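Asks: Structure incoming, see below.
The values are calculated or read from the model by the stated rules, or taken from the named source; none is laboratory data. This is a predicted model, so every value here is computed, not measured. Here the Cβ is made from the backbone with ideal geometry for all residues, glycine too, and neighbour counts use every protein chain on show.
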Amino acid sequence: MALIALVGASENLPDGSLRALVSVAGETLIERQAARLADVGVIHIAVAVAAVPAELLSVCDRIRRRGLKVTPVRAAADLVALVESDDRILLVADGLRAGGTHYAAIAKPGSPAILVTGDTVLTQGFERIDATRRWGGLASISQPMAAELAAMPGEWDMMLTLLRMAVQAGARRLYCEPALFEQGEIAIVADRRAAALIEQSSLQQVEYGGMGLGRSAIMMPLVRLVGPLLVRSPKTARYLPYITALLWVCVALLAADGLAAAGAIVAVFGGLGLAAMRFLSAFRAESAAQDRTRHVIRSFGWLLLALFPWLLSLGGPDHLMPRFSEAALAPCLAATILLARWLYEDSGEKRRFHWLLPDADQAWMMLVPALLFDFATLMFAVLPLLALFQIMIWLRLARRPEAR
């Protein structure tokens with residue numbers, strides 16, 4: 001059994017261009033939809049079109065280069081030819097912008113399901129389901145429904161007719177709050193003005209912080225200053241992982257060459273690159289792949305922090321072992337940061353005061369002056385104790401019932 005998606009791409013904007021090709025935060029709506037569908041296991045995307053302009057063909061080619069099959073379809077018979085009898089079909093409304101959690105919910109195995117929401121002023125762009133509910137833009141149906149539509153005489157709107165079939169068949173209804181539409185987490189992009197408003201809302205609401213004092217207090221605020229420029233450039237998302245990885249390789253090479261302070265300074269810029277990748281992952285079509293890459297680079301950064309004194313010893317004139325205080329405490333520092341990360345992830349929805357926790361960015365920024373002015377041994381002794389103190393303060397504050 002495979003997951004196939006039917007994505008609407010036939011509606012036009014007032015200026016005559018396709019709604020599916022509207023760009024929000026530097027990527028077209030259909031590319032974002034394709035990325036979210038790939039994250040939930042879709043292997044083939046059928047694009048419901050009336051015509052196939054050159055720009056849409058170009059976008060489909062970019063989606064194919066990410067490993068997904070893409071086929072334009074004009075009628076239900078075209079769709080039926082792509083699916084097997086036990087395949088499930090996900091319907092994605094034309095111009096829909098939604099989060100990964102909503103795609104994941106509708107893609108879960110089971111009987112046909114429809115994402116629904118309340119009938120409010122903010123949801124008028126969605127198809128009405130009944131007197132009090134409107135479609136949320138996502139649904140899952142079975143192959144026989146598509147076959148039934150293909151056998152019906154006359155011309156029918158594929159997307160809406162299949163939705164109606166699912167409603168009449170008593171498909172499960174997954175409810176989402178209308179407040180999500182107010183926040184811009186789910187929306188139908190009706191025009192370019194709406195796209196600009198959604199982009200602005202997304203920039204304001206994306207999580208800029210996360211675990212760690214260095215990241216929350218310094219790195220993410222810096223990234224936020226240039227956030228609009230970052231998200232509007234497709235090349236930024238494409239090349240940033242390579243640049244960030246190269247920075248961390250340079251850290252290792254500089255340390256092995258005995259240039260300790262230079263290595264720590266480059267590590268600070270490497271941390272800034274990781275923060276920018278985290279920021280972009282909320283917007284870009286490559287988010288899932290970039291998240292995996294970011295985790296690998298971040299793990300490499302932790303390893304460098306633990307082995308930094310040993311790498312420096314390789315660059316010394318006599319290649320002597322590092323002092324015990326540095327050789328032992330550097331791994332302790334990295335382990336303490338990993339402990340903080342584990343406690344943060346384990347806290348789930350009860351996360352509070354996450355900015356208090358220690359992180360690698362904080363450690364590298366404190367090591368820079370220590371290495372420049374030759375008191376690194378003292379700093380390696382202080383940092384693990386400081387990290388433990390931060391964890392203790394966080395545990396105390398996070399457990400307070402009134403903490404928010």
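Asks: Given the structure, is residue 364 modelled with pLDDT under 90, of a type in the set (Phe, Trp, Tyr) and within 24 Å of residue 273 (Cβ to Cβ)?
Replies: no
Asks: Could you give me the residue pairs with C-beta distances under 6 Å whose first residue belongs to the stretch 374-398 and is touching a residue at least 24 places away in the same chain (Cβ under 8 Å), whose second residue is among the small types (Gly, Ala, Ser) wherever it lies, and which are 6+ apart or on separate chains?
Replies: 376/370; 377/325; 380/330; 381/325; 383/363; 391/340; 397/403
Asks: Determine, yes or no, whether residue 136 is over 16 Å from residue 89 (Cβ atoms) and either out of contact with any Cys (no Cβ under 8 Å at 6 or more places or on another chain) or aromatic (Phe, Trp, Tyr) (or both).
Replies: The answer is no for residue 136.
Asks: I need a count of the residues in the stretch 218-262 that are assigned to a loop (DSSP other than H, G, I, E, B) and not basic (Lys, Arg).
Replies: The qualifying residues number 5.
Asks: Write out, first by first residue and then by second, each pair whose Cβ atoms fall under 6 Å of each other, whose residues are 6+ apart or on separate chains, and whose first residue, in the stretch 217-243, is in the same structural domain as residue 360 (by TED's automatic domain parsing) and modelled with pLDDT of 80 or more while the second is among the hydroxyl-bearing types (Ser, Thr, Tyr) and in a helix (DSSP H, G or I).
Replies: Note: pairs meeting the criteria are 241/293.
Asks: Hand me the list of strands (runs of 3 or more DSSP E) wholly inside the stretch 8-120 holding 2 or more residues that are surrounded by fewer than 19 Cβ atoms within 10 Å (Cβ to Cβ) and more than 21 Å from the chain's Cα centre (by Cα).
Replies: Fully inside the stretch 8-120 and qualifying: 69-73.
Asks: Just checking, does the stretch 172-191 include any residue being without any contact (Cβ under 8 Å) to a residue 40 or more places away in the chain, under 25 Å from residue 97 (Cβ atoms), of a type in the set (S, T, N, Q) and not in a helix (DSSP H, G or I)?
Replies: yes
Asks: Go through 324, 279 for me and flag whichever is farther than 30 Å from residue 199 by Cβ and either modelled with pLDDT under 80 or aromatic (Phe, Trp, Tyr) (or both).
Replies: 324
Asks: Sticking with this one: Could you tell me which residue of the stretch 244-261 is modelled with the lowest pLDDT, considering only residues that are within 19 Å of residue 368 (Cβ to Cβ) and of a type in the set (Gly, Ala, Ser)?
Replies: My answer is 258.
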